[in-house]
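Following: one structure in structure tokens, then a few remarks.
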Amino acid sequence: MEYNFEAIERKWMAVFEKEKPFAFSSAAAGEKYYCLEMFPYPSGKFHMGHIRNYSLGDAVARYKRAKGFNVLHPIGWDAFGLPAENAALERKLLPWKWTFENIDVMRLQLKRFGFSYDYDNEVCTAKKDYYVWGQWFFLKLYEKGLVERKKAWVNWDPEDATVLANEQIQNGRAWRSGALVQRKLIDQWYFSITKYAEELLSGLDHLPGWSDRIKRMQKNWIGRSKGFIFDFLYKEKVFPIYTTRPDTIFAATFMAIAFDHQELEQFIELDEAPRKKFLATIQAWKKINQNSDYEKAGIFTGSYVFHPITKKKIPLYAANFVLSDYGTGAIMGCPGHDHRDFALAKKLGIPIIKVIQPPESASMLKSKSSLEEAYTGEGKLINSAEFTGMDNNLAKQKIMDFCEENNLGHKETSYRLKDWLISRQRYWGNPIPMIWLPEGGYIPVTETDLPVELPFVDVFDKAASPLPKLDSFVNVRLDGDGLAEGQKKQNRNEGKNEEPENSTAADGDEAKWEQGYGRRETDTMDTFTCSSWYHLRYIDAKNSKQAFSAESMKKWMPVDLYIGGIEHAVLHLLYARFFHKALRDIGLVKGGEPYKKLLSQ
């Protein structure tokens, strides 16, 4: 008997379209089961990797339906962001036109595979009935103190012409373009994910349905370390240094400040010629790929700091391997017990002091005048004042206690995790609902004026986002759009009186600003802000009054089974966990985790 695949499939597609056997009803009978696969970027047609992902979820969803469960098995489109915009640009098409046309093609592909989705319940992040709630969440996080605009060194992708979060860097290259990432110092918008670092870490121990591999990847990325901040002194001011090795404090023979430290300038005490050489060196270091195997180097600032215990004067260098976003942005150089410090000390002729003697020679409580290499193991302390002779692990605690008792420092827990940089200098994304005032500072758009609609441009050039040049988008009347005079003074993001660096004023803007206009933020949000909460929209996708109702959240959350690629372990999955906890603290959701069980491809 001949099996006519095409005819049979067409028959059942027509049946599915007419009968809608997979239509979702929250009120249907049966115990709830929420089966979810990571939704696709509509930046190209489906490939077999997608089909594998959706086949796994479809098999589980069908099985649960057969067992009498009320199954939520939704689909949607992660339509904003670099993937869709770049795919459109490669084809010389407008991002919005390419994206929506591609969604229609991909939906048809899914239907032809017969997956059991309710297409009347789908979501699209690039439609305003979805992204309005992303803007609303932004405002709620802003009110909660979880949104900040600050100047910091950022990762710049020269190919995609935008900044990237740390999680979007892989071996020094951008996650999408593959370009070598550069560092830039600019003002950007951040979500304060670091405020949840400890809960993100401890919460992993309460996720039995997650693989050990995924949890280990997140733990390593969050990177908790317990150490001590020593209060060195620079001109009678505290010069704080974070270290996880307080037992080596007496080995410090130099200090090194980050070459990209915002306050580096104040520590330069050099005459004109050496100062010029110093600044040229710093500029050259900014081009280094920090993930490559580059030569470690340092240059003297002309300044000295004073040791908190011995009060000795110690030279301060700038070093190309010290970064401003780790610890306090400076280190104490202990070349006797750190390989990088040792290499720099040998290169620059800096003294090397040994303060830990290996166990096999613990009885020889004296230092050598020179070392062939740094010793990083355990042993007995030498050359360490009253701590000499102690086991170095015991000495760590004793030294910290001594310094705290004498106000010379304090214990500190540090994390590798940094705040989530959400600003993107690209067009195809959710507009950030903030307005810059001519007299300085930012104010949020009022809820009654949401959404800030992304205009559908007719001309697009990859060289730059078109938004800063759109007068109708950029210029906002301050007595309109709900921006009352009282609000200008309330919720102001103070301290940013300069015009945004990434803005390009359209003709006549300055005159309009004098007539009561503000300037709309032209950066858009990182695409991962859209995917951090989409599972919540699925449970109440047709709700035009709320992102989701409390009743639907209580019934359907958390997701029972979540399926997707392991490449999102420290991207989407970490961000979604943070977002859920933040929304919980605002009072919008219950529980600490969005996904009960995780299946990673």
* List, please: which pairs have Cβ atoms under 7 Å, are six or more places apart or on different chains, and start with a residue in segment 85-101 that is closer than 20 Å to Arg424 by Cβ and end with one that is of a type in the set (Phe, Trp, Tyr) and not in a helix (DSSP H, G or I)? -> Glu85/Tyr427; Glu85/Trp428; Leu94/Phe460; Pro95/Tyr427; Pro95/Trp428; Pro95/Phe460; Trp96/Phe456
* Asked: Ile51 is checked against (1) in contact with a Ser or Thr (Cβ under 7 Å, 6 or more places away or on another chain); (2) modelled with pLDDT under 90; (3) more than 30 Å from Ser423 (Cβ to Cβ) and fails just one. What number does that condition carry?
  -> (1)
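Here are some residues: Ala547, Ala576, Ala569. Which one is in contact with a Lys or Arg (Cβ under 7 Å, 6 or more places away or on another chain), among the aliphatic types (A, V, I, L, M) and buried (at least 18 other Cβ atoms within 10 Å of the Cβ)? Please lay out each step first, then the result.
On the way: Ala576 fails: in contact with a Lys or Arg (Cβ under 7 Å, 6 or more places away or on another chain); Ala569 fails: in contact with a Lys or Arg (Cβ under 7 Å, 6 or more places away or on another chain).
Every option except Ala547 fails the conditions.
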* **Qualifying residue in segment 514-531 (condition: open to solvent by 30 Å² or more (accessible area, probe 1.4 Å), touching a residue at least 12 places away in the same chain (Cβ under 8 Å) and closer than 22 Å to Gln168 by Cα)** => no
* Do you know which of the residues in segment 550-566 that are among the small types (Gly, Ala, Ser) and part of a helix (DSSP H, G or I) is surrounded by the fewest Cβ atoms within 10 Å (Cβ to Cβ)? -> Ala550
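Can you say whether Arg520 is under 26 Å from Leu207 (Cα atoms), of a type in the set (D, E, K, R) and modelled with pLDDT of 75 or more, as far as the supplied structure shows? If you could, list the steps in order and put the result at the bottom.
Working: under 26 Å from Leu207 (Cα atoms): no; of a type in the set (D, E, K, R): yes; modelled with pLDDT of 75 or more: yes.
Judged against the criteria, Arg520 is not a match.
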* Asked: So, in segment 269-284, of the ones that are open to solvent by 80 Å² or more (accessible area, probe 1.4 Å) and part of a helix (DSSP H, G or I), which residue ends up farthest from Ser303 (Cα to Cα)?
  -> Gln283
* To do: Read through the list (1) within 23 Å of Ile435 (Cα to Cα); (2) out of contact with any Phe, Trp or Tyr (no Cβ under 6 Å at 6 or more places or on another chain); (3) of a type outside the set (Ser, Thr, Tyr); (4) open to solvent by 40 Å² or more (accessible area, probe 1.4 Å), then give the number of the only condition that Leu108 fails.
  => (1)
* Report yes if Tyr242 is crowded, with 16+ Cβ neighbours inside 10 Å, of a type in the set (Ser, Thr, Tyr) and more than 30 Å from Pro83 (Cβ to Cβ), otherwise no. => yes
* To do: Only residues that are among the hydrophobic types (A, V, I, L, M, F, W, C), over 15 Å from Ile299 (Cα atoms), under 38 Å from the mean Cα position of the chain (by Cα) and open to solvent by 30 Å² or more (accessible area, probe 1.4 Å): list them for segment 324-362, please.
  => none
* Just need a number here: residues in segment 583-598 that are surrounded by 17 or more Cβ atoms within 10 Å (Cβ to Cβ) and either more than 22 Å from the chain's Cα centre (by Cα) or under 15 Å from Tyr534 (Cα atoms) (or both). => 7
* To do: State which residue is least open to solvent (accessible area, probe 1.4 Å) when the search covers only segment 54-96 and only residues that are basic (Lys, Arg) and at pLDDT 95 or above.
  => Lys64
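Residue by residue, here is whether (1) of a type in the set (Phe, Trp, Tyr); (2) under 19 Å from Gly429 (Cα atoms); (3) modelled with pLDDT under 90 holds:
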| residue | (1), (2), (3) |
| --- | --- |
| Leu450 | no, yes, no |
| Glu453 | no, yes, no |
| Ala464 | no, yes, yes |
| Pro468 | no, yes, no |
| Asp471 | no, yes, no |
| Asp479 | no, no, yes |
| Leu483 | no, no, yes |
| Lys488 | no, no, yes |
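Take the conditions open to solvent by less than 40 Å² (accessible area, probe 1.4 Å), in contact (Cβ under 8 Å) with a residue 60 or more places away in the chain and among the β-branched types (Val, Ile, Thr) and apply them to Val147. Does it pass? First the steps, then the outcome.
On the way: open to solvent by less than 40 Å² (accessible area, probe 1.4 Å): yes; in contact (Cβ under 8 Å) with a residue 60 or more places away in the chain: no; among the β-branched types (Val, Ile, Thr): yes.
Answer is no for this residue.
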* Structure fact -> Subset of segment 552-601, residues touching an Asp or Glu at 6+ places or on another chain (Cβ under 6 Å) and modelled with pLDDT under 95, comes to Val570, Leu571
* **So Thr301, is it over 24 Å from the mean Cα position of the chain (by Cα) and buried (at least 17 other Cβ atoms within 10 Å of the Cβ)** => yes
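It is to be established whether one or more residues within segment 128-141 are open to solvent by 60 Å² or more (accessible area, probe 1.4 Å) and within 26 Å of the chain's Cα centre (by Cα).
Yes, some residue in segment 128-141 is open to solvent by 60 Å² or more (accessible area, probe 1.4 Å) and within 26 Å of the chain's Cα centre (by Cα).
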* Asked: What single numbered condition from (1) touching a Ser or Thr at 6+ places or on another chain (Cβ under 6 Å); (2) open to solvent by less than 10 Å² (accessible area, probe 1.4 Å) fails to hold for Arg424?
  -> (2)
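If I filter segment 182-193 for residues that are farther than 29 Å from Asp157 by Cβ and surrounded by 17 or more Cβ atoms within 10 Å (Cβ to Cβ), do I get at least one hit? Talk me through it step by step, then tell me what you get.
So in segment 182-193, the residues farther than 29 Å from Asp157 by Cβ come out as none.
The answer is no, given that none of the residues of segment 182-193 is farther than 29 Å from Asp157 by Cβ and surrounded by 17 or more Cβ atoms within 10 Å (Cβ to Cβ).
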* To do: Could you please find all residues in segment 42-52 being open to solvent by 40 Å² or more (accessible area, probe 1.4 Å) and either in contact (Cβ under 8 Å) with a residue 40 or more places away in the chain or closer than 12 Å to His73 by Cα (or both)?
  => Lys45, Arg52
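One line per residue, one yes/no per condition, for (1) under 25 Å from Phe137 (Cβ atoms); (2) part of a helix (DSSP H, G or I); (3) touching a strand residue (DSSP E or B) at 6+ places or on another chain (Cβ under 6 Å); (4) aromatic (Phe, Trp, Tyr):
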position: Tyr190; (1), (2), (3), (4): yes, no, yes, yes
position: Lys195; (1), (2), (3), (4): yes, yes, no, no
position: Asp205; (1), (2), (3), (4): no, yes, no, no
position: Arg216; (1), (2), (3), (4): no, yes, no, no
position: Asn220; (1), (2), (3), (4): no, yes, no, no
position: Gly227; (1), (2), (3), (4): no, no, yes, no
position: Asp231; (1), (2), (3), (4): no, no, yes, no
position: Phe239; (1), (2), (3), (4): no, no, yes, yes
* Asked: Given the conditions (1) open to solvent by 10 Å² or more (accessible area, probe 1.4 Å); (2) in contact with a helix residue (DSSP H, G or I) (Cβ under 9 Å, 6 or more places away or on another chain); (3) touching a residue at least 60 places away in the same chain (Cβ under 8 Å); (4) closer than 19 Å to Ile566 by Cα, which single one is not true for Leu200?
  -> (1)
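So that you can scan it fast, the table gives a plain yes or no per residue for (1) open to solvent by less than 90 Å² (accessible area, probe 1.4 Å); (2) over 36 Å from the mean Cα position of the chain (by Cα):
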{"position": "Glu2", "(1), (2)": "no, yes"}
{"position": "Arg10", "(1), (2)": "no, yes"}
{"position": "Met13", "(1), (2)": "yes, yes"}
{"position": "Lys18", "(1), (2)": "no, yes"}
{"position": "Phe24", "(1), (2)": "yes, no"}
{"position": "Glu31", "(1), (2)": "no, yes"}
{"position": "Pro40", "(1), (2)": "yes, no"}
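The values are calculated or read from the model by the stated rules, or taken from the named source; none is laboratory data. Quick caveat: nothing in here was measured; it's all calculated off a predicted structure. All Cβ positions, even for glycine, are placed from backbone atoms using ideal geometry, and neighbour counts span all protein chains on display. Protein only, heavy atoms only, side chains kept; ligands, DNA and RNA dropped before computing areas. Shrake-Rupley method; radii C 1.70, N 1.55, O 1.52, S 1.80 Å.
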